[in-house]
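Comments concern the structure below.
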Amino acid sequence: MDLPQTIYAIFPKDEKGNIVGVYIGATSKPLEKRIKGHLNSLETAPNQIKLHELMRNNGFIYQSLETHNRFEDRHLEYDWIDYFIKKTDLFLFNAKLAKNPDYRNCCYGRVGK
């Protein structure tokens, strides 16, 4: 039995309260607990450092995008990243997709509806 996994988006704000970008993640933990993990993170990847600084200093909004129960559906996180790349002009705080073997873009066109 696979654990349910929630795909989520974090929208950090700037000092004026404007949304400056998006981070897409996936977790099998309760979403509120995962968000607290982001706030307490000491991540050293440059994109994560900036995300977490903005979250702590200026606030953020987060949104559950969808939940799946099958390991085979783990690609959905990357499909959501692809959706935000192609459909918005928001800065993306995720690492590049091309290196991830799970990325298949098999639900592009379905997400966001």
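With the cut-off at 1.5 for a/c, could you classify segment 16-73 from its C-alpha gyration tensor as rounded, prolate or oblate?
prolate
Give the calculated FRET efficiency between SER41 and GLU72 to the nearest 0.05, with a Förster radius of 41 Å applied to their Cβ-Cβ distance.
Step by step, r from the Cβ atoms, then E = 0.90.
Quick note: the coordinates plus some simple rules give every number you see, no bench work behind them. Since the structure is predicted, the reported quantities are computational estimates derived from the model, not experimental observations. Using ideal geometry, Cβ is built from the backbone for each residue, glycine included, and neighbour counts are taken over all protein chains shown.
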